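Please read the structure below before turning to the comments.
The values are calculated or read from the model by the stated rules, or taken from the named source; none is laboratory data. Everything numeric here is computed off the predicted structure, so don't read it as measured data. Backbone-built Cβ (ideal geometry, glycine too); neighbour counts: all protein chains shown.
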């Protein structure tokens, strides 16, 4: 795991000083080393978190004749098998790293190489003979990759703050990106919340040369037609899932030259992964957990139980409301986007705990909820579909009472509210039937926007993700359509980004996600929907496949989604010092996103209640405003980088073909 | 969907039933499963604890609605 950045310029040599500034802003992603490469038209930068081939493998790295260079963030977990195949085809390797596999694979297979990779990556390849930059991102968007196109050039980086190191890049919010964020919880690639800044779509590669810019998918999220799934037998599918998850977890645990820890949330997903590692590898396992001082959110009982069953060395951190408030500005500086939940903040503190114990890699259960249908949004969709067949039926309307059993005020306890909330827009033909309640309730945030921004959003036009659903998706099971929407919006844009990569890399920790393994996802997407969501029983096949490894209390406990205190974090105790300034009427007016008078009203309401018992809408509103203000302050105004700017130590790779054509020779890359 | 798969589904559902729960709500839960798995639409009269009492009742209902089991 690392940070990557680069500049392509066909009008003259890229500015090396700018590249070094860009690289410096990615120091947290790679504290173990850094390097650069520059020729007359391209410059690549890299900060390294050394995990595989820690003594070799420094980047940027090139092929045998130094004509193809790569800067790479991530892991190619099947690199051992790919390297063996490439050696058989005549390629010569200088290192034992997965990075070197990329350049040889590119030489051998060109764009076809990406579909052969099983891993998580953001890659930039520069072919100096062809004067061509190739960018690639993993299938589901585990690793970030941003870029900005300019006449005759392009800048790219793992994080936007690196691109903003170029003072000529405009820093402004993108109205359409904000519109998506306040609907789907995050912008949907290629959109970002910053004007002119794009992100490469997951599962895509892009090519930039003198001929222009083009991009294409090498993989797509897809599902079979309902009823035509290849295997209908639940036992057979459970065995196949077990085999693939075991292999995915083993690969992610063993393919590392540094120790790998595991997160334990107390739910089934991380428990399965930790149990598989404990059962199928010989290495000792250290587990890390997040607890909350608020009992409503705490899962410590189950974490301790699972740790005891596995006999792991276990560490946890107990997070309170004031802890969330204290780190929130830093969280947003890393997330680089407005968010509508405080949930990333505790994960920032958890990855710090991991790092404090000397670990820089963790495996987690992330992705199971999307791939194997664990989220309430899928149960909600099934209930709504059931109800939509006869909206007037009193019996069918009772189905809403079966939702959200974990909530203190569950729909079962307030059935009238449940019926009014889940009963809206009951259109069985709507491809987004699953997601309308979430999107509708999130969109209420937009009522607080300034009139000016709303007009800009209106002019920018609506980018409805539903219109991007693939041809043939109307024949998928409704669950598959919901999964496609969830993977396309929340997984890539929020779960793997603001809650995932950014919170882990903020503390220089790499996350590895066995449930997002290529082979696991391919199998899961081909399953009959009933094997994932059986009636209203979520992750049915996963529970069945691993019933022997995980205690029954954890397998069958009511699913509790990961949540953290939201508004209460900023109001229950005294508000932190930064809060008054960031939320002042002057600062809100300066950011020009939210209407200051409406923000004042919301703040007054929060102060009256201490942020307690706020509605879901008000919790999202306050988080949206606070995080937008902090994003504005740290990235657009640009004064809040603080600890993120690190002085770079001497580079371990320094190739400058513009000023020093002997630099390749010094690296023993040419004779 | 062949008979083996149908029987498998019904057995699996039986194992997941919540015997202590509200009978009316359990009937709704069963109806959701039946409609999804067997691609049928139940009448309000069928969404009833007596009609959806156990695996054999579910099988009979699915057979009646689909005419194939």
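Odds and ends about this structure:
- Residue that is within 14 Å of chain B (Cβ to nearest Cβ) and crowded, with 23+ Cβ neighbours inside 10 Å, where the choices are A:567, A:545: A:545
- The residues listed here are A:138, A:174, A:166, A:179; of these, the one that is outside the structural domain of residue A:628 (by TED's automatic domain parsing) and within 17 Å of residue A:487 (Cα to Cα) is A:138.
- No other residue among B:25, B:33 is within 9 Å of chain A (Cβ to nearest Cβ), surrounded by fewer than 19 Cβ atoms within 10 Å (Cβ to Cβ) and either under 23 Å from residue A:403 (Cβ atoms) or without any contact (Cβ under 8 Å) to a residue 40 or more places away in the chain (or both) apart from B:25.
- Output for the range A:235-250, where each listed residue is surrounded by fewer than 21 Cβ atoms within 10 Å (Cβ to Cβ) and touching a residue at least 40 places away in the same chain (Cβ under 8 Å): A:238, A:239, A:240, A:242, A:247
- Within the range A:101-112, one or more residues are over 27 Å from residue A:514 (Cα atoms) and surrounded by fewer than 21 Cβ atoms within 10 Å (Cβ to Cβ).
- Matching residues in the range A:405-429 - criterion: being at pLDDT below 80, within 14 Å of another protein chain (Cβ to nearest Cβ) and in a loop (DSSP other than H, G, I, E, B): A:405, A:410, A:411, A:412, A:413
- Each residue in the range A:387-396 was checked for being surrounded by fewer than 21 Cβ atoms within 10 Å (Cβ to Cβ) and either more than 9 Å from chain B (Cβ to nearest Cβ) or outside any helix (DSSP H, G or I) (or both), and 6 of them qualify.
- Which numbered condition residue A:260 misses (of (1) surrounded by fewer than 24 Cβ atoms within 10 Å (Cβ to Cβ); (2) out of contact with any strand residue (DSSP E or B) (no Cβ under 7 Å at 6 or more places or on another chain)): (2)
- Output for the range B:36-69, where each listed residue is over 26 Å from residue A:480 (Cβ atoms), part of a loop (DSSP other than H, G, I, E, B) and more than 7 Å from chain A (Cβ to nearest Cβ): B:43, B:45, B:46, B:48, B:49, B:50, B:51, B:52, B:53, B:54, B:67
- For the range A:544-591, a residue qualifies if it is in contact (Cβ under 8 Å) with a residue 60 or more places away in the chain, within 19 Å of residue A:269 (Cα to Cα) and more than 25 Å from the chain's Cα centre (by Cα), and the qualifying residues are A:544, A:545, A:546, A:549, A:550, A:551, A:553, A:554, A:555, A:557, A:558.
- Within the range A:203-246, the set of residues being within 14 Å of chain B (Cβ to nearest Cβ), out of contact with any strand residue (DSSP E or B) (no Cβ under 9 Å at 6 or more places or on another chain) and not in a loop (DSSP other than H, G, I, E, B) comprises A:235, A:236, A:237, A:238.
- Number of the condition not met by residue B:19 [criteria: (1) modelled with pLDDT under 90; (2) more than 8 Å from every other protein chain (Cβ to nearest Cβ); (3) part of a helix (DSSP H, G or I)]: (3)
- Counting only helices (runs of 4 or more DSSP H) that fall entirely inside the range A:459-548 and contain at least 2 residues that are farther than 19 Å from residue A:249 by Cβ and at pLDDT 95 or above, the qualifying elements are A:478-486, A:502-505, A:529-532.
- Qualifying residue in the range A:78-93 (condition: over 20 Å from residue A:209 (Cα atoms), buried (at least 24 other Cβ atoms within 10 Å of the Cβ) and touching a helix residue (DSSP H, G or I) at 6+ places or on another chain (Cβ under 8 Å)): yes
- Residue within the range B:5-13 that is more than 18 Å from residue A:383 (Cβ to Cβ), within 11 Å of chain A (Cβ to nearest Cβ), part of a loop (DSSP other than H, G, I, E, B) and in contact with a helix residue (DSSP H, G or I) (Cβ under 8 Å, 6 or more places away or on another chain) present: no
- Selected residue [closer than 19 Å to residue A:44 by Cβ and touching a residue at least 60 places away in the same chain (Cβ under 8 Å)] from A:140, A:133: A:133
- Index of the failed condition, residue A:139 passing every other in (1) surrounded by fewer than 21 Cβ atoms within 10 Å (Cβ to Cβ); (2) assigned to a loop (DSSP other than H, G, I, E, B); (3) touching a strand residue (DSSP E or B) at 6+ places or on another chain (Cβ under 9 Å): (1)
- Screening the range A:279-293 for residues that are surrounded by fewer than 22 Cβ atoms within 10 Å (Cβ to Cβ) and more than 11 Å from residue A:316 (Cβ to Cβ) and picking the one that is modelled with the highest pLDDT gives A:286.
- One residue alone among A:379, A:454, A:384 is crowded, with 20+ Cβ neighbours inside 10 Å, in contact with a helix residue (DSSP H, G or I) (Cβ under 8 Å, 6 or more places away or on another chain), part of a helix (DSSP H, G or I) and without any contact (Cβ under 8 Å) to a residue 60 or more places away in the chain, and that residue is A:384.
- Complete set of residues in the range B:1-15 that are surrounded by 15 or more Cβ atoms within 10 Å (Cβ to Cβ) and either more than 23 Å from residue A:385 (Cα to Cα) or under 12 Å from the mean Cα position of the chain (by Cα) (or both): B:5, B:6, B:8, B:9, B:10, B:12, B:13
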